[in-house]
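Down below is the structure, laid out as structure tokens.
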Amino acid sequence: MPDSVDWIIAGDLNLCRSPEDRNQQGGDHQDMYLFYEAISSLGLVEIPLKGRIFTWSNKQPSPLLERLDWFFTSTSWTISYPNTFAYPLSMETSDHVPCAISISTKIPKGSIFQFENHWLEHADFYNVVQQH
């Protein structure tokens, strides 16, 4: 897919990127490495998940928790929609936490200087401008 196209991938990929994506030791480190390498080689940009580390639970008394749900975009997407992030919803019956993706194009801007024409009529205007 060309870098100039906006796209998004979201879903249960059933893979962890690193041991930190599990609350207990274990997991297939080779699969983690291959998943991480695929993300890197494809140039995927991860959409951050706000407010939660893990997205899956085996729902046992001492639960295994893992991050199995992932959200990725193209570099072009991050330019078009710089404030994109995923956030968890409440988990009711599934073993996966449902997530929603928030997409925004609002880019914070500093205060904007606006010139007022009536300043030209102020007696000290030209002196102030010359000093700065």
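Yes/no matrix, rows are residues, columns are (1) among the acidic types (D, E); (2) free of Cβ contacts under 8 Å to residues at least 60 places away in the same chain; (3) closer than 28 Å to V5 by Cβ:
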{"site": "H29", "(1), (2), (3)": "no, yes, no"}
{"site": "Y36", "(1), (2), (3)": "no, yes, yes"}
{"site": "P48", "(1), (2), (3)": "no, yes, yes"}
{"site": "N58", "(1), (2), (3)": "no, yes, no"}
{"site": "E66", "(1), (2), (3)": "yes, yes, no"}
{"site": "Y81", "(1), (2), (3)": "no, no, yes"}
{"site": "H96", "(1), (2), (3)": "no, no, no"}
{"site": "S104", "(1), (2), (3)": "no, yes, yes"}
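So, S4, is that one of a type in the set (S, T, N, Q), under 25 Å from S102 (Cα atoms) and either assigned to a strand (DSSP E or B) or at pLDDT below 90 (or both) or not? Considered against the rule, which asks whether it is of a type in the set (S, T, N, Q), under 25 Å from S102 (Cα atoms) and either assigned to a strand (DSSP E or B) or at pLDDT below 90 (or both), S4 comes out as yes. Right, T75: in contact with a Gly (Cβ under 7 Å, 6 or more places away or on another chain), closer than 26 Å to F35 by Cβ and polar (S, T, N, Q) or not? So T75 passes the test.
The values are calculated or read from the model by the stated rules, or taken from the named source; none is laboratory data. These numbers come from a predicted model, not from an experiment. Note: ideal-geometry Cβ built from the backbone for every residue, glycine included; neighbour counts use all protein chains shown.
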